[in-house]
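Structure first, then comments.
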Amino acid sequence: MSSTENNPWQRVSRHVAYENPWIEILHDDVVRPDGKPGIYGVVHFRHLAIGVVPLDTETDRVLLVGQFRYTMNRYSWEIPEGGGDFDEFPEAAARRELAEETGYVGGEWREICRAELSNSVTDEVTILFVATGLESGPASPEGTEQLQLRWVPFDEAMAMIAAGEIPDAMTILALQALALERAAERR
């Protein structure tokens, strides 16, 4: 490991400043890389972030889920997303989330991307999938979810990203990963 890859931070102490069933906010007293004392706040997520792109390969459309996002105080179109326990197989969690939010089940699944969502303040990691050949069924969203479903042509979804109409990071990552795969296949 080079000297730039070594951890220049020293944790002096850590305590939980806040916690609920989904997150812990950790307060660390640290010695910074410049040797001076400081603090660092870390948002620790208690679940893995999971997302799936339901893709209809015959029509080249993706299924988006619309819902009001409390944190942003606005409506959002995004891929079906949720959380998986760390001891749960990620694909099983993604299949569960897709069925709950949309009613779609079965099909062929493939992991397309792993990412750290905001690694300067949180340890949240996402695993993203694409699912094809799905069958529709009844959805069973959680009480916090009032969802709409919308099949969108893949190119239109990419245009929505470019226009700022889809700002959700997991959706952007997943659709960009698929777009990159498609570009590589055309070469």
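When we screen V12, V16, V62 for residues that are among the β-branched types (V, I, T) and either under 20 Å from the mean Cα position of the chain (by Cα) or closer than 23 Å to M158 by Cα (or both), the only hit is V62.
Just one residue in the set L64, L55 is more than 19 Å from Q146 (Cα to Cα), in contact with a helix residue (DSSP H, G or I) (Cβ under 9 Å, 6 or more places away or on another chain), in contact (Cβ under 8 Å) with a residue 12 or more places away in the chain and among the aliphatic types (A, V, I, L, M); that residue is L55. Here is a check on your reading of the model: is G106 touching a residue at least 24 places away in the same chain (Cβ under 8 Å), at positive phi and touching a strand residue (DSSP E or B) at 6+ places or on another chain (Cβ under 9 Å)? Answer is yes for this residue. Within the range 141-166, the set of residues being out of contact with any Pro (no Cβ under 7 Å at 6 or more places or on another chain) and at pLDDT below 95 comprises P141, E142, G143, T144, E145, Q146, Q148. With respect to (1) hydrophobic (A, V, I, L, M, F, W, C); (2) assigned to a loop (DSSP other than H, G, I, E, B); (3) over 30 Å from L175 (Cα atoms), the lone exception for M72 is condition (3). Filtered by the rule that a residue be within 16 Å of I127 (Cβ to Cβ) and in a strand (DSSP E or B), the range 41-53 gives F45, L48, A49, I50, G51, V52, V53.
Rundown of residues vs (1) of a type outside the set (D, E, K, R); (2) over 19 Å from F45 (Cα atoms); (3) surrounded by 15 or more Cβ atoms within 10 Å (Cβ to Cβ); (4) outside the structural domain of V62 (by TED's automatic domain parsing), yes/no style:
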{"site": "W77", "(1), (2), (3), (4)": "yes, yes, yes, no"}
{"site": "P80", "(1), (2), (3), (4)": "yes, no, yes, no"}
{"site": "F89", "(1), (2), (3), (4)": "yes, no, no, no"}
{"site": "R95", "(1), (2), (3), (4)": "no, yes, yes, no"}
{"site": "Y104", "(1), (2), (3), (4)": "yes, yes, yes, no"}
{"site": "E111", "(1), (2), (3), (4)": "no, yes, no, no"}
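Residues in the range 87-103 include none that are part of a loop (DSSP other than H, G, I, E, B) and among the β-branched types (V, I, T). R182 satisfies every condition listed in (1) surrounded by 14 or more Cβ atoms within 10 Å (Cβ to Cβ); (2) under 14 Å from V53 (Cβ atoms) except (1).
Could you tell me whether any residue of the range 125-135 is modelled with pLDDT of 95 or more, assigned to a loop (DSSP other than H, G, I, E, B) and more than 19 Å from I172 (Cα to Cα)? Within the range 125-135 (the criterion being modelled with pLDDT of 95 or more, assigned to a loop (DSSP other than H, G, I, E, B) and more than 19 Å from I172 (Cα to Cα)), the answer is yes, since at least one residue qualifies.
For the range 124-132, does any single residue satisfy the condition of being free of Cβ contacts under 8 Å to residues at least 40 places away in the same chain and assigned by TED's automatic domain parsing to the domain that holds A169? Checked against the condition, which is being free of Cβ contacts under 8 Å to residues at least 40 places away in the same chain and assigned by TED's automatic domain parsing to the domain that holds A169, the range 124-132 yields no hits at all. Go through the range 157-172 and report how many residues are surrounded by fewer than 12 Cβ atoms within 10 Å (Cβ to Cβ) and either in a helix (DSSP H, G or I) or among the aliphatic types (A, V, I, L, M) (or both). Counting residues in the range 157-172 that are surrounded by fewer than 12 Cβ atoms within 10 Å (Cβ to Cβ) and either in a helix (DSSP H, G or I) or among the aliphatic types (A, V, I, L, M) (or both) gives 2.
The values are calculated or read from the model by the stated rules, or taken from the named source; none is laboratory data. Every value quoted in this text rests on a predicted model; they were computed, and no experiment measured them. For neighbour counting, all protein chains shown are included, and Cβ atoms are generated from backbone atoms with ideal geometry for every residue, glycine included.
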